[in-house]
Structure formats: C-alpha cells, structure tokens
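First the structure, in the form of structure tokens, and then the observations on it.
The values are calculated or read from the model by the stated rules, or taken from the named source; none is laboratory data. These numbers come from a predicted model, not from an experiment. Ideal geometry is used to build each Cβ from the backbone, glycine not excepted, and the neighbour counts take in all protein chains shown. Note: accessible area is taken over every heavy atom of the protein model, side chains too, but ligands, DNA and RNA are not part of it. Shrake-Rupley method; radii C 1.70, N 1.55, O 1.52, S 1.80 Å.
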Amino acid sequence: MFRKPYSAMLMAVLAAAPLGAAPAPSRLPPVLVSRTLFAGSPPIAADVLALHNAERRAADVPDLVWDDKLAQEAQTYAHELARLGQMRHSAAPTRPGQGENLWMGTRDYFSPANMVGAWASERTMFRPARFPDVSTTGNWAHVGHYTQMIWPGTQRVGCSLSRGAQADFLVCRYFPAGNVMGSPVP
C-alpha cells in the first residue's frame with residue numbers, strides 16, 4: 001500500500017519512478033528514528049554520510065566529514081519541525097554560515113536512503129554553471145538540495161531524523177554553506 005508523502009520534492013521523485021513503484025517501507029526501530037544521526041548511531045549516520053559522499057565523488061568534489069555539533073544543531077531543529085508538524089527552513093541567523101536541507105514524509109515509511117535519495121535525484125535537472133543558473137528547468141530551487149550536497153566548498157555535514165505525530169523529518173546542516181550566488185558549481 002502506498003502512503004501519501006508530504007514532501008513536494010518526493011512527489012517529483014515518485015512521479016519519475018516507474019508506474020506502480022513506491023519506495024520500500026523502512027520500518028526503522030523507534031529508537032533509531034528519534035536519535036541524532038551521529039557517532040552514537042553509526043549505521044544511520046554512516047549511510048547518510050556515504051550517500052552524500054557518493055554524490056560528491058560523482059561530481060568530482062572532496063568528501064564531507066561528519067560533524068557532531070552540526071548533527072546536534074540539526075537535531076534541535078528536527079525536533080522543532082516534528083513538534084510543529086510542518087516543514088520550513090530555519091532562519092538563516094540561527095545557523096550562521098550553515099546550509100540546510102530538509103525532508104518530510106509519512107511517519108515510519110521511508111528509509112534515510114529514500115530521504116537523501118530524494119535530494120540526490122535532483123541531479124537529473126542539474127547543469128554545471130554559476131549559481132543560480134544551475135537548473136535545466138530555469139529554477140534553481142529544483143536542484144537546490146542537490147547543489148548543497150555537492151557544493152565544492154562545503155566540508156562538513158551533520159544530520160538528524162525526528163518523528164512527528166504523522167511525519168518524519170530529516171534535517172541536514174552543512175558547513176560552509178553552499179548555494180552561494182555567482183559561484184561555480186561543477
């Protein structure tokens with residue numbers, strides 16, 4: 001049975017999938033879903049970091065390293081989003097110098113690989129250029145999650161996954177931030 005995802009980005013990913021295809025349910029144990037994705041939960045943190053770095057290698061940019069402080073800050077915000085039950089970016093002054101990717105979807109249904117994969121799937125609309133002229137659609141927002149993932153100057157990432165009443169929320173924080181106007185993206 002397919003459950004309706006909450007993320008507009010995920011809707012685009014699913015629309016591009018073969019008919020009848022739906023992401024496999026994750027059925028993550030509750031203890032893993034509610035924890036910060038850092039050294040204390042290596043299977044999830046390692047997967048999220050590996051997915052980011054696979055995209056970066058394909059774009060020929062250096063790997064990211066995991067940052068516990070960014071993960072803790074992401075955890076604070078992921079819990080706030082779960083409490084509110086809605087997705088919206090944090091105010092830039094609350095995360096100086098940091099980039100941010102957000103994902104929201106049906107509670108307990110999607111794996112971290114599905115979540116990060118939704119961002120990575122934006123590569124199909126990406127073209128190398130100076131930011132913001134990086135999308136084949138003419139709208140940089142269609143590739144903004146992906147460009148943050150592969151931003152050449154970004155060095156560290158930390159993420160957290162939190163469960164709300166009806167949805168899961170993934171927050172990743174990046175330092176230094178990407179998506180800088182006028183900068184080249186490979």
- Query: Measuring from centroid to centroid over Cα atoms, what is the spacing of region 103-120 and region 70-95 in Å?
  - Reply: 16 Å
- Query: Between residue 137 and residue 60, what FRET efficiency comes out of the Förster formula 1/(1 + (r/R0)^6) with R0 = 22 Å and r the beta carbon distance, rounded to 0.05?
  - Reply: 0.40
- Given a 1.4 Å probe and every protein chain left where it sits, what share in percent of the accessible area of region 72-186 is carbon and sulfur? 54 percent
- Separation in nanometres of the label points that stand 7 Å from Cα toward Cβ, at residue 68 and residue 94: 2.4 nm
